[in-house]
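Engineer: This is the structure I want to talk about, given as structure tokens.
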Amino acid sequence: MRSIFITIGLLGIVAMGCTTKEKPGGAAADEGIAASNSWLEVVDAKRYGDSWEQACAYFRDLVPKEQWERQVAGVRGPLGPVLSREVASAEYTTKLPGAPDGEYVVIQYRTKFQDKADAIETVTPMRDQDGVFRVSGYYIR
């Protein structure tokens, strides 16, 4: 199974290595989860170009829209539709290896796709220049 790790992932950032944790249920973590859920709805609807447009500026600067559309379609397409998804963990951090300092929420979901029963999706929203959390990284394993 191919994995996808877009933008921040292209720089070799992994969900591990989070160094600053906010208390569970903190406002920033909640904002990150809300942003991630909204963005995943767009990806689930196969609106890959829209998901690129809704990603953070850092994401869009690193990955051209057409490249993103090809990569995500190539990985998500074979998995089929999402049957269920639940947040397994969410960690707030201000530092990730290989990424600029900022505010991030590293979220892992337990996801069941039609053609892959046990997947872990990692979505990493970051606080964008305008103060709003937007997705900066996505990985499926």
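Engineer: Figure the gain on full extension for Ala73 and Asp115 (residue separation times 0.36 nm, minus the Cα-Cα span) and round it to one decimal in nm.
Structural biologist: Length gained between Ala73 and Asp115: 13.7 nm.
Engineer: Figure the gain on full extension for Asn37 and Asp101 (residue separation times 0.36 nm, minus the Cα-Cα span) and round it to one decimal in nm.
Structural biologist: In short, 20.7 nm is gained.
Engineer: Please give the contour-minus-distance gain from Asp50 to Val132: 0.36 nm per residue of separation, less the Cα-Cα distance, rounded to one decimal in nm.
Structural biologist: 27.8 nm
Computed from the coordinates by the stated procedures, all read-outs in this text should not be read as laboratory data. No experiment lies behind these values; they were computed from the predicted model shown.
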